[in-house]
1. Over the Cα atoms of the stretch 1-88, how large are the radius of gyration and the largest Cα-Cα distance (Dmax), in Å?
2. Going by accessible area, probe 1.4 Å, with all protein chains left in place, what is the ranking of Asp131, Asp144, largest first?
3. How much accessible surface area, in Å² rounded to 10, belongs to the heavy atoms of Val152 with a 1.4 Å probe?
4. So how exposed is Arg51, as accessible area in Å² (1.4 Å probe, rounded to 10)?
5. By accessible area of protein heavy atoms, probe 1.4 Å, what ranking do Asp45, Asp24 get, highest first?
Amino acid sequence: MGFSRGVRMGVDVGNARVGLALSDPDGILATPLKTLKRNLNTDSDRRVLRRLLEIHEVAEVYVGLPRTLSGGSSASTQMAEDYASGLVAELAAEGREIPVWLVDERLSTVSAQRSLHEAGVSSRRFKTMVDQVAAVAILQQSLDALKADRAVAGYRVEAPTVPREDARSQHLDPTSEPRPEQNGDPA
């Protein structure tokens, strides 16, 4: 399988903010990029995110999937799944195929908060930084798995399929085969 070069992005989705991190093309180090303010009415944060994907020539995106400690789902899990699905749908509508993965991120925010407290970060800067640090943790975990030739702990988000009758109205080929299911293997 092997690691393929390319910039990757980590995304930590929260109720109020979205933290972003980028890797170098060789996948060695994840670094903080930006914190976006969420806007649930206009999804302007995803518009900015899609622009950043283009600017930084991102090859893959890893969105944190906050499972409960027992591995179950919560409202935060659903929020991350919806965010990733919306991103994939918007990229598909733009004709861009950038793989988006949902990856297990249990305790990444807790770990980020602890690291910032230990580093003595002021409370004023804390809120914007914690999301970026969590995104770094999500991305670094994914990079480490890829570099070790292991599957990333998560799954790829597939683009929505267009129903046959809608395909004609959108000038799509309704006879094309759907993409096969991914088994969690990033390559």
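The values are calculated or read from the model by the stated rules, or taken from the named source; none is laboratory data. This is a predicted model, so every value here is computed, not measured. Only protein heavy atoms, including side chains, enter the accessible area calculation; ligands, DNA and RNA are left aside. Shrake-Rupley method; radii C 1.70, N 1.55, O 1.52, S 1.80 Å.
1. When restricted to Cα atoms, the stretch 1-88 yields Rg and Dmax of 13.6, 41 Å.
2. So, going from the largest accessible area down, we get Asp144, Asp131.
3. 10 Å²
4. Taking all protein chains as shown, Arg51 has close to 120 Å².
5. Ranked list, largest accessible area first: Asp24, Asp45.
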